[in-house]
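Below: the structure, in structure tokens.
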Amino acid sequence: MATNQRERKEKKEQNRDRRPKAEARYVRISPLKVEIVLDLVRGKAYSEAVAILSNTRKSACEPVLKVLNSAAANAENNNNMPKDDLFVSECYAGSGPTLKRMMPRARGRADRILKRTSHIVIILDEKKKEVAPVKKDAKKTPQKTSAIVKDGNKAAPQKKSGTRPAEIPDTQSERPLTNKPNTKKPLGTKKDIEVKKPATTRKETK
């Protein structure tokens with residue numbers, strides 16, 4: 001039994017998140033109001049997040065800024081991380097216990113007042129430095145040299161092999177004899193083509 005507990009504890013310690021973080025518990029503000037402010041700083045750099053929280057008019061900015069500064073101090077003192085390289089990796093707010101109060105109303109009735117609390121958690125992380133890729137030396141390609149004849153004169157460059165489709169000639173005499181019907185218009189002018197008109201007959205009158 002003791003060995004199983006020890007193994008579980010060691011395994012939990014190995015998988016523990018070692019990123020610097022800070023948490024504020026039982027803050028007297030609704031978690032919905034805190035989430036609005038946390039959405040502004042999620043994924044931002046530390047210096048940029050501090051500037052956003054300092055210039056935003058929201059009631060949740062003050063407790064969130066305190067938690068952010070606490071997380072940055074933990075990163076600097078415990079993990080030797082410079083503040084300039086930090087950014088907000090994760091931040092969220094959970095609901096804490098709700099305080100219930102009563103407000104008297106007319107005719108002896110009473111309304112319930114819910115005073116909510118929240119737990120604010122901010123986790124920081126260090127930016128990964130981008131390493132520039134090492135450029136490989138391009139392989140030197142041998143220069144093409146033209147063939148030289150024994151006499152010292154350069155040989156004529158050889159033409160690339162390939163047949164170009166011949167254009168269809170316009171005149172009938174130049175066209176090749178094929179079995180396929182000619183789709184082009186007949187040669188000649190309108191005067192050469194005789195148009196046969198139907199013969200008109202006059203009706204015999206009595």
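Just so it is clear, none of the values below were taken in a lab; they were calculated from the coordinates. In this text the structure is predicted, and so the values were computed from the model without any measurement. So basically every Cβ, Gly included, is an ideal-geometry build from the backbone, and we count neighbours across all protein chains shown.
Which distance in nm do the two modelled labels at Arg112 and Glu13 give, with both placed 7 Å along the Cα-to-Cβ direction?
4.6 nm
Just how far, in whole angstrom, is region 94-112 from region 1-73 if you go by their alpha carbon centroids?
30 Å
Would you list Ser118, Ser95, Ser54 from fewest to most Cβ contacts within 10 Å?
Numbers: Ser118 23, Ser95 13, Ser54 10.
Ordered from fewest to most neighbouring Cβ atoms within 10 Å, Ser118, Ser95, Ser54 come out as Ser54, Ser95, Ser118.
Which of Leu38, Leu124 has the fewest other C-beta atoms within 10 Å, and how do the rest follow up to the most?
Leu38, Leu124
Which pairs in the list Lys58/Lys100; Lys12/Lys129; Lys21/Lys83; Lys12/Lys83 are over 19 Å apart, alpha-carbon to alpha-carbon?
Violating the 19 Å Cα-Cα cut-off are Lys58/Lys100; Lys12/Lys129; Lys12/Lys83.
What's the extension gain from Tyr26 to Ala73 if we count 0.36 nm per residue and subtract their Cα-Cα distance?
14.8 nm
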